[in-house]
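As structure tokens, the structure follows; a few thoughts come after it.
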Amino acid sequence: KLFYRFKLFMDLGIKDSLANALKQSRYHAKRCFDRFTSRGRRLVKPQELIYAIEKTIDDELERTKVLEGSLGQILRSTQEAVVIPPYVVLAIRGSPGRWDYLKVNADDVTVHAITPTQYLALKESIYDKDRLKSEDTVEVDFGAFDFCMPRLTLPSSIGNGFNYISKFTTSKLSGDLENAKPLLDYLLALNHRGEKLMINETLDTVSKLQKALIVADVYLSAHPKDEPCRTFEHKLKEWGFERGWGDSAERVKETMKMLSEILQAPDPCNMESFFSRLPVIFNVVIFSIHGYFGQSDVLGLPDTGGQVVYILDQVKALEEEILLRIKQQGLNAKPRILVVSRLIPEAQGTKCNEEMEPILNTMYSHILRVPFHTSKGILPQWVSRFDIYPYLERFAQASLILCLTCIEMEDAASKVLEVMECKPDLILGNYTDGNIVASLMAKKFGVTQGTIAHALEKTKYEDSDINWKKFEKKYHFSCQFTADLISMNAADFIITSTYQEIAGSNKRPGQYETHAAFTMPGLCRVVSGINVFDPKFNIASPGAEQSVYFPITEKEKRLTSFHPAIEELLFNKEDNNEHMGYLVDRTKPIIFSMARLDTVKNITGLTEWFGKNKRLRSLVNLVVVAGFFDPSKSKDREEMAEIKKMHELIEKYKLKGQMRWIAAQNDRTRNGELYRCIADTKGAFVQPALYEAFGLTVIEAMNCGLPTFVTNQGGPAEIVVDGVSGFHIDPNNGDESSEKIADFFTKCKVDVEYWDQLSQAGLQRIYECYTWKIYANKVLNMGSMYGFWKQLNKENKQVKQRYIDILYDLQFKKLAKTIEIPNITTPVKTEPT
Ligand code: UDP
Ligand code: LCN
């Protein structure tokens with residue numbers, strides 16, 4: 001069906017396909033479109049479109065014909081429709097990233113194509129009739145800067161930007177030898193703390209470089225392969241070569257050969273390999289600002305979830321990879337990685353009030369915390385990620401005016417310089433707040449920038465853009481979406497965890513894709529926010545720390561010292577403030593889930609599915625680790641409601657005896673063993689989220705050999721291949737999902753090998769795609785290659801930056817000021833600590 005739909009759209013174009021379809025089924029189409037318009041102006045969701053066909057066509061055969069035919073295909077590809085009688089305007093997503101806007105006149109069923117601007121204006125008019133007439137809407141159009149930049153064409157290429165950048169770079173350097181001049185300039189500029197690397201000014205033309213490479217090749221051929229570079233580097237220096245080519249004669253020769261071949265006849269493969277060997281990245285700054293960012297006692301606190309885990313593991317993996325590369329480059333430099341976060345004086349027993357904290361299991365990496373300054377002093381308390389925007393500019397200290405007026409104040413930029421004693425080579429941002437600060441800092445230092453979203457909030461809340469005013473007080477989406485737009489456009493490359501994060505699936509748009517065209521009526525109309533075919537998009541999925549999350553089959557490594565505590569946690573019958581509910585029948589397998597108690601995590605949903613499904617209850621016990629039990633102790637708006645709901649469900653379905661609710665567990669080493677103890681019961685992990693951006697718990701469980709049932713909404717559906725390395729469940733269809741889980745356990749009873757088969761297949765999937773080693777290698781390669789690409793296209797980057805500055809100054813700053821700064825109860829000194 002998908003192929004048929006795609007072919008239909010390709011052959012005729014969507015507009016003509018729809019026009020033909022309407023002609024062919026004119027009678028039914030007219031009735032169907034009349035039905036849409038009969039209920040007046042409104043926004044219609046896709047389910048309603050299909051439902052309308054089902055309701056208007058009585059004859060079953062006819063109905064199937066229309067539903068399976070072109071009209072049905074087009075309506076199935078429609079993501080939403082604006083109804084303004086007599087018009088029905090369809091936003092059609094023919095394939096990932098490709099959108100068409102078609103206006104159908106319900107009276108005569110004629111079709112006209114319209115632009116995104118026109119579509120968004122019509123959509124706005126539903127919410128505010130006068131908007132159509134108003135001409136004061138600010139339009140944001142990033143597409144206007146991209147006309148000269150290469151784009152990918154196939155939906156299947158999306159997220160594979162790095163490979164295309166090496167191809168585009170190759171073609172830019174091809175042809176005349178002089179086309180390689182930008183590469184020569186790039187190499188000439190390479191240095192580490194002032195010490196030149198790779199080449200020096202002796203090789204100031206491409207032809208001199210090319211000749212020197214030939215001489216060096218002959219010279220190196222006479223040396224044993226494993227001869228250390230120290231013994232011949234003085235000779236190479238005479239010809240203009242500095243250190244950084246390799247640690248042995250063989251490696252230096254190989255790297256030089258790659259460059260020779262690039263100069264002779266560039267090809268993307270060589271280009272990638274050469275850039276992966278360049279000594280470019282030694283110092284990295286990663287911004288992860290909100291939450292309680294720390295190494296212990298932070299997980300489970302509001303807003304503090306997987307991204308903290310991700311960043312700490314990421315730092316360890318990046319440091320290991322940088323160290324390996326430095327060694328292979330024949331250098332003895334020391335790398336430095338700083339995770340810059342917020343210093344929170346009221347640290348709630350965490351270390352978030354400490355300025356510097358070494359990162360465990362690393363040699364050169366630290367958390368650097370900088371406080372939020374306000375006009376009333378340092379902000380002592382935690383603030384929600386939704387309310388964080390007024391503090392960020394001063395935190396980054398990126399504005400020139402601020403630099404001149406608040407010289408005495410500590411800020412992230414000066415702290416980074418002080419600790420690193422130089423500019424970073426790469427800046428990474430995490431989540432909206434980290435990304436906007438990363439953008440400000442990268443601009444200030446002129447450094448390559450990568451962004452990581454973890455989750456873009458826009459997709460989590462339905463119609464959060466068009467209804468932004470309704471959400472504003474609670475969530476400040478106006479700030480968040482503007483900040484996201486700024487940083488995704490400012491970034492040199494974007495790291496995503498899955499394809500779906502960028503471009504969704506055939507059915508559902510991706511998180512980034514929903515920023516392509518959207519509107520916040522009365523604020524701005526984004527006619528081109530980001531293009532998912534931009535080669536800056538890359539998929540680099542995180543892993544799970546394999547020394548913590550290892551399979552149950554590795555028996556000798558099991559952390560048996562935790563077993564008494566885990567036994568207590570799972571089976572002790574007395575309720576306390578760490579666990580409530582108990583498990584009468586210990587012989588049953590356990591289905592397990594662990595998450596923050598956010599609405600979107602749907603732990604209450606899972607509890608309800610379990611409560612309702614007698615068969616499942618007879619087969620397994622349920623254990624969930626989530627939040628805590630007293631709603632009055634929560635500071636988080638959503639968490640309070642979820643806590644109350646959990647208590648109600650436990651009562652309603654009389655779950656005590658079959659369900660255990662455990663409060664958030666912060667000891668990840670013990671959690672690793674907990675997953676394995678669940679696996680010992682031949683249980684399973686369930687990730688029931690209404691939407692999950694990636695889902696670290698899924699890969700943690702899989703690493704421990706636990707079969708998984710994962711939401712089909714978001715990243716987990718990509719991690720797990722349904723029926724092979726786990727199962728997909730539909731969070732919006734609890735009955736079907738709980739039946740699927742029950743079926744699995746029924747089958748396990750008959751087929752004793754089935755559980756092991758799933759467990760093994762999960763592990764295989766992890767080793768192929770989801771490890772930190774694969775991640776770190778990809779990210780460092782990106783840092784190197786996109787750094788050069790940025791230089792190759794510096795004029796375009798500068799022009800775009802000026803546009804970004806306008807959006808930042810005129811929109812973001814104004815919006816950030818509307819967020820109230822809470823009272824500072826305890827006076828906290830404003831001088832640097
Ligand atoms: N986690 C934990 N204790 C808890 C809840 C979660 O240690 O009580 C950890 C979990 O093991 C995982 C992370 O927090 O490493 C959650 O990441 P995920 O991607 O699943 O969700 P997020 O919280 O980032 O939305
Ligand atoms: C945030 C989320 O919501 C999760 O889906 C991710 O796994 C986590 O960050 C780490 O990227």
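Normalised Debye scattering of the range 117-188 at q = 0.14, 0.23, 0.26 Å⁻¹ gives log10 I(q)/I(0) of -0.70, -1.06, -1.14, counting only Cα atoms as equal scatterers and leaving out solvent.
Computed about its Cα centre, the charge dipole of the chain is approximately 1080 debye, with only Lys, Arg, Asp and Glu carrying charge at their Cβ.
Using only the Cα atoms of the range 374-516, build the gyration tensor, take square roots of its eigenvalues as a ≥ b ≥ c, and label the shape rounded, prolate or oblate: rounded if a/c is under 1.5, else prolate if a/b is larger than b/c, else oblate. It comes out oblate by the Cα gyration axes.
Report D for the range 325-445 in µm² per second (integer): Stokes-Einstein, Kirkwood Rh on Cα pairs, 20 °C, 1.002 mPa s. All intermediate terms of the calculation are to be shown ahead of the outcome.
On the way: Rh = 15.5 Å.
The diffusion coefficient I find is 138 µm²/s.
Modelled spin labels at Lys814 and Gln798, positioned 7 Å past Cα toward Cβ, are 2.9 nm from each other. Farthest towards the positive end of the charge dipole of the range 293-425, among the residues Ile344, Val298, Gln329, is the Cα of Gln329, using unit charges on the Cβ of Lys, Arg, Asp and Glu.
The range 479-541 and the range 166-245 have Cα centres spaced 38 Å apart.
If the chain between Ala113 and Leu559 were fully stretched, how many nm would it gain, using 0.36 nm times the residue separation less the Cα-Cα distance?
On the way: separation 446, 0.36 × 446 = 160.56 nm, distance 6.32 nm.
Answer, rounded to one decimal: 154.2 nm.
Once the Cα-Cα distance is subtracted from the 0.36 nm per residue extended length, the Lys376 to Ser273 segment shows a gain of 31.8 nm. Its Cα gyration tensor gives the chain an equivalent ellipsoid. The semi-axes, each the square root of 5 times an eigenvalue, are 43, 37, 29 Å from largest down. Can you give me the % of accessible surface on the chain that is carbon or sulfur? Probe 1.4 Å, all protein chains present, nothing else counted. Summing carbon and sulfur atoms, their accessible area is 54 percent of the total for the chain. Pairs spanning more than 19 Å between alpha-carbon atoms, out of Lys473/Lys817; Lys351/Lys376; Lys167/Lys778: Lys351/Lys376.
Annotation: lysines with alpha-carbon distance below 23 angstrom to Lys682 (same-chain offsets under eight excluded): Lys555, Lys557, Lys573, Lys588, Lys612, Lys614, Lys656, Lys740, Lys747, Lys749.
In the structure shown, the pairs Lys45/Lys469; Lys415/Lys794; Lys15/Lys65 are assessed against 22 Å; a Cα-Cα span above that value is assigned to Lys415/Lys794.
What is the chain's relative contact order, in percent, from Cα pairs under 8 angstrom and six or more apart in sequence? Before the final figure, lay out the partial values.
On the way: 1545 pairs, mean separation 104.3, N = 833.
Relative contact order here is 13 percent.
Counting only residues at least eight positions apart within a chain, or on another chain, the lysines with an alpha carbon under 18 Å from that of Lys334 are Lys196, Lys316, Lys423. Summed over the residues of the chain and divided among them, the accessible surface reaches 40 Å² per residue at a probe radius of 1.4 Å. For Phe287, the residues whose modelled amide H falls within less than 5 Å of its own, excluding neighbours fewer than 5 places apart on the same chain, are Val340, Leu428, Gly429, Asn430. Projected onto planes of every orientation and averaged, the convex hull of the alpha-carbon atoms in the range 643-731 covers 6.5 nm². Taking a straight Cα-Cα cut-off under 19 Å and skipping sequence neighbours fewer than 8 places away in the same chain, the aspartates and glutamates within cross-link reach of Lys103 are Asp16, Asp34, Glu48, Glu80, Glu124. A 1.4 Å probe, protein heavy atoms only, puts the accessible area of Glu795 near 120 Å². Projected label points at Asp805 and Tyr51, each 7 Å from Cα along the beta carbon direction, are separated by 5.1 nanometres. Spacing of the modelled spin labels on Lys257 and Arg26, each 7 Å from Cα toward Cβ, amounts to 7.1 nm.
The calculated FRET efficiency for Ser414 paired with Asp756, based on their beta-carbon distance and R0 = 56 Å, is about 0.50. Placing R0 at 30 angstrom, the Cβ-Cβ distance between Leu323 and Lys225 gives a FRET efficiency of 0.85 after rounding to 0.05.
The values are calculated or read from the model by the stated rules, or taken from the named source; none is laboratory data. None of the values given here were measured: they were computed from a predicted structure. Every residue, glycine among them, receives a Cβ derived from its backbone with ideal geometry; neighbour counts consider all protein chains shown. Heads up: the accessible areas ignore ligands, DNA and RNA and are worked out on the full protein's heavy atoms, side chains in. Shrake-Rupley method; radii C 1.70, N 1.55, O 1.52, S 1.80 Å.
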